[in-house]
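J.: Sharing a structure here in structure tokens format.
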Amino acid sequence: MEIHELNAFVIRKCFLAAANELASKKEWINELNVFPVPDGDTGTNMTMTMMSAAKEVAALETDDMKVLCKAIASGSLRGARGNSGVILSQLFRGFTRELAAAEKSTVEIPQLAAAFVRATETAYKAVMKPKEGTILTVARAMSDKAEELQNGATDIIAFAKDIIAAGDAALEQTPELLPVLKQAGVVDSGGQGLMTVMHGAFQALSGEIGEVFLENFDAAQASESREAHPIDTSHLDTSEIRFGYCTEFIVNLEHPLSDDEEQAFKSFLESIGDSIVCVASEDMVKVHVHTNDPGLAIQKGLSMGSLSRMKIDNMREEHNERLIRNASQLAAEEKRKQAASAEKKPYGFLSVSVGDGLDRIFKEIGVDQLISGGQTMNPSTEDILNAITAINADTIFILPNNKNIILAAQQARDLTKGKNVVVVPTRNIPEGITAMVSFLPESSPEENLAAMQEAIRHLATAEVTYAVRDTTMDDFEIHAGDFMAIGQNGMLTVEKKVEDAVLNAIEKLTADGKELVTLYYGSDVSEQNAKLVKELAEARFEDCEVELNYGGQPVYYYFISAE
């Protein structure tokens, strides 16, 4: 079978197949993240980015190429999360712009080749300092191959197969370009995500799969897609539902269950619910149960091992989702009206934060709007746009406070009309706090941005967390459960005790004479233990002033700054 041109229906099918394939490989792609911290989210970010567009594409029934291209570009742009998601959205943006510019109902190989080239160019432009050995390298390899083949190729299937082979080869070479990948023994996770997208699209193009449905929507996305064809369920009586929560999870077993233990677990589930599916293998148990107390099922699962892929849905509320959604929309609209009616200020501030203590600190130093997010869940471009809308100010400073959120913030800036938006490229929470403290209301936006960046330049920071797997990095041998202090340029220290990780990190951060150390302790650290670490630091570093603040952040035991 040969194909010489593609219409909108075929491209739509390929895109939806790619979205499904990416969603199905999401967790595997997450596991490819190099750093052994519990925040492997490349697959999640790319999937959420693509599914945001897939919702719009799935609802289309048109042969209009421009309409399809707009849905792909707009949906992925607004749903973009994390660096990998933003880059993926830019690849789609460049690709679809080239197809739409052709002003044709079908596209052939020359237009496809040009679209690959434009996609890569658009993605590279979105990154301030492109790094080779990443998703960008893989994208460029495919666009180079497309450019090479465009004059002689006539069959789109053969053309696509050769391009994918070039991308796969480039992906396999990423460890040679990034030593940290080679050290960890993995390929680049973003590049793997991109090739997963390509292979999914090829399955639809070559006829390996038939009609495509979005089987991998999460519950929220599925409910939103159903809204396009609403069904009246107001007459249903939810009191007939005996057990209200559909609860699903996987238990990663510490040891295989005996037949008696497996039967005892099933009997326990039967005592708290119904509709039970419980399948055990040597190393895991898949659980599905309808219950009125999901916590009991989860606690029982935790007694046998760690949990993953947890999902809880309130079945009694399903028929009220539209009312809830409408109420949320009204609340958001009211918030926008309040912002519009508030007295306009010359300056406003928007910051990403990761804990209740840090929220309070940012509010106290003048931040107007906070967005919850960080390593484990990056806010989308649309999240940032909504927060910008809620601030009535001529100039709005955005503090991303995470390197994976900077690109999304810059995209939100570029999409904002009628306000001057300034993105301060803060890479962590301490940098965000320092930037805010450095702001002077009598200075211009340009002067303030320069002052904030200068203050950040003199700040040394570290984040203390734990390792989730064995690995070697920056000449440190790391074992699961070790405590790691990660600085701005790599690993600072790896210890068996969290207090040792903090103290040794401070020693390295203050080696050049810095005298003020600030500790922000997380949700997993008690106030008593945090005060003990402060006392140990004061005793060991007599020439330093040590401040302690409650941050409440998850995952990271301490954020540390030195200045």
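The values are calculated or read from the model by the stated rules, or taken from the named source; none is laboratory data. Just so you know, these numbers come straight off a predicted model, no measurement behind them. Cβ placement follows ideal geometry from the backbone for every residue including glycine, while neighbour counts extend to all protein chains displayed.
J.: Residues that are out of contact with any Ser or Thr (no Cβ under 8 Å at 6 or more places or on another chain) and modelled with pLDDT of 90 or more: find the helices (runs of 4 or more DSSP H) completely inside the stretch 1-75 holding 3 or more of those.
T.: Once the helices (runs of 4 or more DSSP H) in the stretch 1-75 are filtered for at least 3 residues that are out of contact with any Ser or Thr (no Cβ under 8 Å at 6 or more places or on another chain) and modelled with pLDDT of 90 or more, what remains is 8-24, 42-58.
J.: Can Thr381 be described as touching a Leu at 6+ places or on another chain (Cβ under 8 Å) and modelled with pLDDT under 95? Break it down stepwise before answering.
T.: Numbers: touching a Leu at 6+ places or on another chain (Cβ under 8 Å): yes; modelled with pLDDT under 95: yes.
Yes, satisfied.
Yes or no, residue by residue, for (1) over 17 Å from Ile135 (Cα atoms); (2) surrounded by fewer than 19 Cβ atoms within 10 Å (Cβ to Cβ); (3) more than 18 Å from the chain's Cα centre (by Cα):
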{"position": "Ile11", "(1), (2), (3)": "yes, no, yes"}
{"position": "Phe15", "(1), (2), (3)": "yes, no, yes"}
{"position": "Ser24", "(1), (2), (3)": "yes, yes, no"}
{"position": "Glu27", "(1), (2), (3)": "yes, yes, no"}
{"position": "Glu31", "(1), (2), (3)": "no, yes, no"}
{"position": "Thr42", "(1), (2), (3)": "no, no, no"}
{"position": "Thr62", "(1), (2), (3)": "yes, yes, yes"}
{"position": "Lys66", "(1), (2), (3)": "yes, yes, yes"}
{"position": "Ala73", "(1), (2), (3)": "yes, no, yes"}
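J.: Answer yes or no: is there a residue in the stretch 365-380 that is assigned to a helix (DSSP H, G or I), of a type outside the set (D, E, K, R) and not assigned by TED's automatic domain parsing to the domain that holds Asp482.
T.: Narrowing the stretch 365-380 to residues assigned to a helix (DSSP H, G or I): none.
Checking the stretch 365-380: not a single residue is assigned to a helix (DSSP H, G or I), of a type outside the set (D, E, K, R) and not assigned by TED's automatic domain parsing to the domain that holds Asp482.
J.: Somewhere in the stretch 78-93, is a residue closer than 28 Å to Leu415 by Cα, surrounded by fewer than 22 Cβ atoms within 10 Å (Cβ to Cβ) and touching a residue at least 40 places away in the same chain (Cβ under 8 Å)?
T.: Within the stretch 78-93, one or more residues are closer than 28 Å to Leu415 by Cα, surrounded by fewer than 22 Cβ atoms within 10 Å (Cβ to Cβ) and touching a residue at least 40 places away in the same chain (Cβ under 8 Å).
Table: residues versus (1) touching an Asp or Glu at 6+ places or on another chain (Cβ under 9 Å); (2) of a type in the set (Lys, Arg); (3) at negative phi.
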residue	(1), (2), (3)
Gly79	yes, no, yes
Gln90	no, no, yes
Arg97	no, yes, yes
Glu103	no, no, no
Thr106	yes, no, yes
Gln111	yes, no, yes
Ala115	yes, no, yes
Ala119	yes, no, yes
Ala126	no, no, yes
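J.: Can you tell me how many residues in the stretch 456-491 are in contact (Cβ under 8 Å) with a residue 60 or more places away in the chain and within 27 Å of Met436 (Cα to Cα)?
T.: Residues in the stretch 456-491 being in contact (Cβ under 8 Å) with a residue 60 or more places away in the chain and within 27 Å of Met436 (Cα to Cα): 11 in total.
J.: A further question on this structure: Scan (1) over 30 Å from the mean Cα position of the chain (by Cα); (2) assigned to a loop (DSSP other than H, G, I, E, B) for the single condition Leu536 breaks and write down its number.
T.: (2)
J.: Continuing with the same structure: Anything in the stretch 135-150 that is in contact with a Pro (Cβ under 8 Å, 6 or more places away or on another chain) and either of a type in the set (D, E, K, R) or not in a helix (DSSP H, G or I) (or both)? List them, or say none.
T.: Matches in the stretch 135-150: Gln150 only.
J.: So Val525 fits all but one of (1) farther than 30 Å from Gln369 by Cα; (2) without any contact (Cβ under 8 Å) to a residue 40 or more places away in the chain; (3) surrounded by 12 or more Cβ atoms within 10 Å (Cβ to Cβ); what number is the exception?
T.: Against the list (1) farther than 30 Å from Gln369 by Cα; (2) without any contact (Cβ under 8 Å) to a residue 40 or more places away in the chain; (3) surrounded by 12 or more Cβ atoms within 10 Å (Cβ to Cβ), Val525 comes up short only on (1).
J.: Condition first: within 15 Å of Leu503 (Cβ to Cβ) and either outside the structural domain of Asp524 (by TED's automatic domain parsing) or of a type outside the set (A, V, I, L, M, F, W, C) (or both). Now tell me which residues in the stretch 464-489 satisfy that.
T.: Gly487
J.: I would also like to ask the following. Take the residues in the stretch 127-162 that are of a type in the set (A, V, I, L, M, F, W, C) and within 28 Å of Gln183 (Cα to Cα); name whichever of them is modelled with the lowest pLDDT. Give the steps one after another, and end with the answer.
T.: Keep residues of the stretch 127-162 that are of a type in the set (A, V, I, L, M, F, W, C), which gives 127-128, 135-136, 138-139, 141-142, 146, 149, 153, 156-160.
Restricting the remaining residues to those that are within 28 Å of Gln183 (Cα to Cα) gives 127-128, 135-136, 138-139, 141-142.
On the way: Val127: 72, Met128: 59, Ile135: 94, Leu136: 93, Val138: 97, Ala139: 97, Ala141: 97, Met142: 98.
The residue in question is Met128.
J.: Another one. So how many residues does the stretch 488-520 have that are touching a Lys or Arg at 6+ places or on another chain (Cβ under 9 Å), outside any loop (DSSP other than H, G, I, E, B) and either at pLDDT below 95 or over 17 Å from Cys544 (Cβ atoms) (or both)?
T.: The total comes to 1.
J.: Within the stretch 50-64, can one find any residue that is in contact (Cβ under 8 Å) with a residue 40 or more places away in the chain, within 15 Å of Ala18 (Cβ to Cβ), polar (S, T, N, Q) and touching a strand residue (DSSP E or B) at 6+ places or on another chain (Cβ under 7 Å)?
T.: For the stretch 50-64, residues in contact (Cβ under 8 Å) with a residue 40 or more places away in the chain, within 15 Å of Ala18 (Cβ to Cβ), polar (S, T, N, Q) and touching a strand residue (DSSP E or B) at 6+ places or on another chain (Cβ under 7 Å): absent.
J.: Moving on. I'm trying to understand the selection: among the residues of the stretch 122-134, which are free of Cβ contacts under 8 Å to residues at least 60 places away in the same chain and assigned to a helix (DSSP H, G or I)?
T.: Selection gives Thr122, Ala123, Tyr124, Lys125.
J.: Related question: Only one of Ala153, Ala119, Ala115 is under 28 Å from Asp63 (Cβ atoms) and assigned to a loop (DSSP other than H, G, I, E, B); which?
T.: Ala153
J.: State all residues of the stretch 389-414 that are closer than 22 Å to Glu447 by Cβ and either of a type in the set (Val, Ile, Thr) or in a helix (DSSP H, G or I) (or both); if no residue qualifies, say none.
T.: Ile391, Thr395, Ile396, Ile398, Ile406, Ala409, Gln410, Arg413, listed by residue number.
J.: Let me confirm something: among Leu548, Leu516, which residue is surrounded by fewer than 22 Cβ atoms within 10 Å (Cβ to Cβ), touching a Phe, Trp or Tyr at 6+ places or on another chain (Cβ under 8 Å) and under 26 Å from Leu440 (Cα atoms)? Give the derivation first.
T.: On the way: Leu516 fails: touching a Phe, Trp or Tyr at 6+ places or on another chain (Cβ under 8 Å).
It is Leu548.
J.: A further question on this structure: For the subset of the stretch 387-402 comprising residues that are out of contact with any helix residue (DSSP H, G or I) (no Cβ under 7 Å at 6 or more places or on another chain) and of a type outside the set (Asp, Glu), which member is farthest from Thr122 (Cα to Cα)?
T.: Initial filter on the stretch 387-402 (out of contact with any helix residue (DSSP H, G or I) (no Cβ under 7 Å at 6 or more places or on another chain)): 387, 393-394, 397, 402.
Then keep just the ones that are of a type outside the set (Asp, Glu); that gives 387, 393, 397, 402.
Working: Ala387: 26, Ala393: 31, Phe397: 25, Asn402: 23 Å.
So, considering only residues that are out of contact with any helix residue (DSSP H, G or I) (no Cβ under 7 Å at 6 or more places or on another chain) and of a type outside the set (Asp, Glu), the one farthest from Thr122 (Cα to Cα) is Ala393.
J.: Among the numbered criteria (1) loosely packed, with under 14 Cβ neighbours inside 10 Å; (2) touching a residue at least 24 places away in the same chain (Cβ under 8 Å), which one does Glu542 miss?
T.: (2)
J.: A further question on this structure: Could you please give the count of residues in the stretch 415-436 that are outside any loop (DSSP other than H, G, I, E, B) and either at pLDDT below 95 or among the hydrophobic types (A, V, I, L, M, F, W, C) (or both)?
T.: Result for the stretch 415-436: 8.
J.: From Ile506, Ile486, which residue is β-branched (Val, Ile, Thr), in contact with an Asp or Glu (Cβ under 6 Å, 6 or more places away or on another chain), surrounded by 15 or more Cβ atoms within 10 Å (Cβ to Cβ) and under 19 Å from Leu459 (Cα atoms)?
T.: Selected residue: Ile486, the only one of Ile506, Ile486 that is β-branched (Val, Ile, Thr), in contact with an Asp or Glu (Cβ under 6 Å, 6 or more places away or on another chain), surrounded by 15 or more Cβ atoms within 10 Å (Cβ to Cβ) and under 19 Å from Leu459 (Cα atoms).
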